[in-house]
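Reviewing the structure listed below.
What follows draws every value from the coordinates through simple rules; no lab data is involved. For clarity, every value in this text was computed on a predicted model and none was experimentally measured. No Cβ is skipped: glycine too gets one built from the backbone with ideal geometry, and neighbour counts run over all protein chains shown.
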Amino acid sequence: MAAVRFEAVSKVYGADSRALSDFSLDVEDGELLVLVGPSGCGKSTTLRVLAGLEEATSGRVFIDDTDITDETPSKRDIAMVFQNYALYPHMTVFDNMAFSLKMRKLPKEEIKRSVTETAEILGISEYLERKPKELSGGQRQRVAVGRAIVRHPRVFLFDEPLSNLDAKLRVQMRNELARLHSQLKATMIYVTHDQAEAMTLGDRIVVLKDGFIQQVAPPLEVYNNPCNRFVAGFIGSPAMNFFKAEITDGQILSAGGRLEINGVADGMYTLGIRPEDILVRERGQFICSVEVVETLGNEKVVIGIAGSGEQVTARCRPEIDIHPGGELRFDIDMTNAHLFAADGVESKI
Ligand SMILES: Nc1ncnc2c1ncn2[C@@H]1O[C@H](COP(=O)(O)OP(=O)(O)O)[C@@H](O)[C@H]1O
Ligand SMILES: [Mg+2]
């Protein structure tokens, strides 16, 4: 196992397609680190540079204290699992998993033991003689993970490995990967565009946007203290509400109402309020016209238009009687409120 370090890595494809900018990051030995961000933000590029499938335009990459920037992929001892499992269709599950070990010319007995043990960990022992086309999506993904595990790589890389699975299976496989991580205690870097996956899986998460790191922190820290408006809006579902806010003498005019605030300089800000901090109350001072009501069983998510004309999303108890076209009154709990200056950076309240 191993620690990974990126030192000021940039990647420019072709003449001017900048995918990664000044990317510096330390991944601890045995950590499960999740890279999250919208499509095209540079997640796959980060993994590909680490695996040696792409060359960094500038900067250095280390495993432990060894500079591997110019090392060939096969020397790096890194295993990567992709979204499309990329199994060999004509080979059995056993042979798929054994392939890299055979290439390394390990003794037959050792290969057999390694594949059998790994299949057991992943619950695929009974499928070892099947071909990939005779497996479900989840089983194929387990084989792809198994093929990585048998190699005992120093680092595991996962590039959106669960995106092809249906929602329920995705949650199940996510839990299995978390279990696998605590079992193997291996260094893993996991890439996803799904913030829920990042929140539930990562020891720490790295939020990326346009090739730039926005924030690196444990999931709850990112949720409770997002460093800027982008992170605040990207992490959390339903997403945080944003209202224009004018502050004068400790008073905020926002969302069609008035709130108290202390210790913030006068000026124009964006007020960030999570949907759970919109408190639905009969005599609430704010009002919105209801446009959409999503009934989720354990709660209702209401989307409406506030007095200021801005959209507001609230999470309500399921028994509340509310319909599109109606009105909803609410207060705002300022305990966990966020204020963002014009440049998007959070101002501490
Ligand atoms: N081989 C390539 N040639 C040119 N541009 C590329 C290449 N691969 C990726 N890019 C560009 O680099 C950016 C980051 O891509 P990628 O790392 O694949 O993002 P992600 O995995 O986060 O969706 C995107 O704008 C993408 O279009
Ligand atoms: Mg990608």
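Candidates 9, 149, 69 compared by Cα position along the dipole of the stretch 4-228: farthest toward the positive end lies 149, with charges placed on Cβ.
Rounded to the nearest 500 deg cm²/dmol, what is the calculated helix-only ellipticity per residue at 222 nm for the chain, with -39500 (n - 2.57) per DSSP H run of length n ≥ 4? If you can, show how the numbers build up before the last one.
Working: 9 runs with 89 residues, N = 349.
Rounded to the nearest 500, the figure is -7500 deg cm²/dmol.
Based on every Cα atom in the stretch 4-228, Rg and the maximum pairwise Cα distance Dmax equal 17.6, 54 Å.
Would you order 88, 127 from fewest to most other beta-carbon atoms within 10 Å of each residue's own beta-carbon? Mind dumping the intermediate values first?
On the way: 88 12, 127 21.
Ordered by Cβ neighbours within 10 Å, fewest first: 88, 127.
Cut-off under 24 Å on the C-alpha distance; same-chain residues fewer than 8 positions from residue 209 excluded. Which lysines are left, in chain and number order? Within reach: 11, 43, 244, 348. Which whole-number percent of Cα pairs in the stretch 241-347 have a distance greater than 19 Å? Everything past 19 Å amounts to 41 percent. Cα centroids of the stretch 269-304 and the stretch 11-70: 40 Å apart.
Under the combined filter of DSSP loop state and at most 10 neighbouring Cβ atoms within 10 Å, the stretch 218-306 retains these GluC sites (Glu not before Pro): 282. Which lysines have a Cα less than 29 Å from the Cα of residue 105, not counting those fewer than 8 places away in the same chain? Those lysines meeting the cut-off are 75, 131, 133, 185.
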